[in-house]
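Below: the structure, in structure tokens.
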Amino acid sequence: MPSSTRASRWPTCERAADRIRRHRGNRTGRAAATGFWRRALRHRSFVLGAVLSLLVLGAALLSLVWTPWSAYDIDVASKLHPPSAAHWLGTDVLGRDIVSLLLVGARSTIMVGVIAVGIGLSFGVGLGLIAAARKGWTEELIMRMSDFTFAFPAVLSAIMLAAVAGPGMVTSITAIGIFQIPTFVRVTRGSANAIWAREFVLAARAAGKGSFRITIEHVLPNILSILIVQATIQFALAILAEAALSYLGLGTQPPQPSWGRMLNDAQTLLFQSPMLAVYPGAAIAIAVLGLNLLGDGLRDLLDPRLARER
Amino acid sequence: MSVFFLRRILTLVATLVAASLIIFLVLDALPGNAAQMLMGADASPDAVRALTVKLGLDQPLAVRYLLWLKGMAVGDLGNSYVYGTPVAGLIAERLVLTIPLAIMSMLITVVLALAAGIYTAANHNKLGDVGVMSLTQVGIALPNFWFAILLILLFSVKLQLLSAGGFAGWDDGIWPGIRSLLLPSISLAVVQAAILARVTRSAVLEVLREDFVRTARAKGLGKREVLWRHVLRNAMIPVMTVMGLQFANLLAGTIVIENVFYLPGLGRLIFQSIANRDLIVVRNCVMLLAAMVVIVNFVVDVLYAFIDPRIKVANL
């Protein structure tokens, strides 16, 4: 979306209102925070997204201390059991408990997502801030490079990496992380440019601050909310990519359980135990849906101007 | 006019060269030697050296890169390390499947997305809008390969209408082929369509707020007419941008989906080649996919200029 053109179309009075609102937020930080939570709890997609995301996070944390059965012990004698009191969702072809696999799978999913988004955030935001601060050929170079990275979707770079370095979690994290960088570069640079054009940056410069200090003290805090929203959505994309890569055998390797891998195993047994293919996919969909709703909700809550658009 | 195109074409060429360089460096310069990989860790050094010379891997990196570029220009991509047959032929065999798959998916995507997007925008905030938008929210969250498996469960396992995988080929007419690509293309399209529908909806809504829409209504045009004649054309720009970007996802998606349905397309070829350590095939396949993405986005860029001549001026 061309956010810059949209911003320029806003009438001055709304910009002024925006400025006043920011001021008010600064003056009474705690009041603003409680206001945020009051609005948040009334926001339907935010609440639903938060509940779903917490569910997945809770599953991952729970798996660290407790799973109904071990997710690693193979017990072929009790393979492909239907759901029962002992195995709530049954067992897979190696006799592993599905609930335990799903819980531990949540952990791998979140881990890959966090690291990949971390890579994207640190490189992407850094490069985006540099592009906005330095302008000129530096900006041109960074933007061309990020345009160009779009030509390599995560699956494609994972394939290249897997071809030389072998498949594995590191391969998939690296590939997904690299794929995340250009999006963060674009978002950061776009919103940072808008901040650089504001009067308070001019004032800061008049006060003798250099571009590095302005970036850290003025630009970054002001684009933080946009970055949080973007990171939430990128997290969802990372989960989808991780699932696809594990499904293809390029990501998380057995015996480490992962949702994508479970789907791959289940596909060979579609006629025998179709439900095995349903649970892991549903888990992925819940995680992604939760994060997407959370991101949408956060965007509405952190930037009320955009709320009207939807 | 010509300056606009010249700039775009130069960017296109530069991007393609950069992409080829990266692919070459990652696949050919990183650790290990293709010959060693092919023969395994315990091959005798003499045999490895002989194979290295035979494959032309003893030449300097720069020479090999330039030879590859030259080969691409004249259509000679070298021979597969494993099959010994020309890589170009191997790829061409697979494209017969992958290109129709991509086109079918894109068609289904566009039809679904435009229908849903225009419908929801025209019924803004009504029940239908909210319902369809919730559906798209779920659609975006579905992993396409899982949706594919669900489709197999429904149509192949339960209803037994379509086969769970494999490709019938184009020899017995067009229908058997299309039939076997039906589930794969639907599973690719539904997720993309969900995203595109949301983009279409917000683009149409944005244009509906413009002054010229009010003017058109004021001069007596009907709602429907305004929508089709004035709004859509103006709303197409963001929609097309996203379509271009989605094409990259679509190609990446075909790699995954071909594996779900055991389709002998480009994606399967890449996977077999990785398993066989046939790096020359991997290299050319990845280059082809990357080039397709870059070229499609180039075409989208140029198409903008036709839809909205203002862009040409702005980008000079």
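Since every read-out is calculated from the coordinates, none of them should be taken as a lab result. Computed from a predicted structure; not experimentally measured. Note that each Cβ is placed from the backbone with ideal geometry, even for glycine, and that neighbours are counted across all protein chains shown.
Structure values in brief
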{"quantity": "Residue among A:F235, A:F179, A:F212 with the largest mean-square fluctuation in a Gaussian network model of chain A, springs linking Cα atoms under 10 Å", "calculated": "A:F212"}
{"quantity": "Cα pair distances exceeding 22 angstrom across segment A:43-173, given as percent", "calculated": "61"}
{"quantity": "Among B:G253, B:G117, B:G139: highest mean-square fluctuation, GNM of chain B, C-alpha pairs under 10 Å", "calculated": "B:G139"}
{"quantity": "Cα-based helix-to-principal-axis angle, A:44-65 vs chain A, degrees rounded to 10", "calculated": "50"}
{"quantity": "Most to least packed among A:240-252, B:226-238 [average Cβ atoms within 10 Å]", "calculated": "A:240-252, B:226-238"}
{"quantity": "Label-point gap, in nm, between B:L21 and A:A197 - each point 7 angstrom along Cα→Cβ", "calculated": "3.3"}
{"quantity": "Helix A:220-248 vs. chain A, principal-axis angle (Cα, 0 to 90°, nearest 10)", "calculated": "20"}
{"quantity": "Proximal lysines relative to B:K223, as straight alpha-carbon distance under 27 Å, when same-chain residues fewer than 8 apart are discounted", "calculated": "B:K126"}
{"quantity": "MRE, 222 nm, helices only [DSSP H, n ≥ 4, -39500 (n - 2.57), over chain A, to nearest 500]", "calculated": "-24500 deg cm²/dmol"}
{"quantity": "Proxy reagent accessibility, fewest Cβ within 10 Å first, across B:S2, A:S172, A:S225", "calculated": "B:S2, A:S225, A:S172"}
{"quantity": "5 angstrom amide H check on B:N79, placed H, neighbours 5+ away", "calculated": "B:V87"}
{"quantity": "Angle between chain A longest axis and helix A:12-27 axis [Cα atoms, degrees, rounded to 10]", "calculated": "70"}
{"quantity": "Shielding of B:146-153 by partner chains, average beta-carbon count, 10 Å", "calculated": "6"}
{"quantity": "Inter-probe distance in nm under a simple model that places probes 7 Å from Cα toward Cβ, at B:K126 and B:L61", "calculated": "6.3"}
{"quantity": "Relative contact order %, chain B, counting alpha carbon pairs below 8 Å whose residues are six or more apart", "calculated": "26"}
{"quantity": "Environment charge of A:L276, counting only residues whose C-beta is closer than 10 Å and scoring Lys/Arg +1, Asp/Glu -1", "calculated": "-2"}
{"quantity": "Cubic angstrom per residue, convex hull over Cα atoms of segment A:57-132", "calculated": "101"}
{"quantity": "Average partner coverage of B:135-143, which counts Cβ from other chains inside 10 Å", "calculated": "6"}
{"quantity": "Taking B:Y119, B:Y81 and counting other C-beta atoms within 10 Å, the order from fewest to most", "calculated": "B:Y119, B:Y81"}
{"quantity": "Spherically averaged projected area in nm², based on the convex hull that wraps the Cα atoms of the protein assembly as shown", "calculated": "34.1"}
{"quantity": "Alpha-carbon Rg with Dmax, taken over segment B:199-316, Å", "calculated": "20.7, 68"}
{"quantity": "Reduced Cα scattering model of segment B:88-309, Debye log10 I(q)/I(0), q = 0.18 Å⁻¹", "calculated": "-1.26"}
{"quantity": "Amide proton proximity set for A:T252, modelled H, under 5 Å, gap of 5+", "calculated": "A:S246"}
{"quantity": "Proportion of all alpha-carbon pairs of chain A beyond 31 Å (%)", "calculated": "41"}
{"quantity": "Computed label-point distance, nm, for sites A:A206 and B:I307 using a 7 Å Cα→Cβ extension", "calculated": "4.3"}
{"quantity": "At least 30 Å along the helix axis (C-alpha) and Kyte average at least 0.5, DSSP helices within chain B", "calculated": "B:2-24, B:87-122, B:174-208, B:232-260, B:279-307"}
{"quantity": "For peptides B:189-200, A:158-169, sequence by mean Cβ density within 10 Å, most packed first", "calculated": "B:189-200, A:158-169"}
{"quantity": "Taking A:R44, A:R144, B:R94 and counting other C-beta atoms within 10 Å, the order from fewest to most", "calculated": "A:R44, A:R144, B:R94"}
{"quantity": "Max mean-square fluctuation residue, GNM over chain B, Cα-Cα springs under 10 Å, options B:M243, B:M292, B:M72", "calculated": "B:M72"}
{"quantity": "Shielding by other protein chains, B:243-254, mean Cβ within 10 Å", "calculated": "3"}
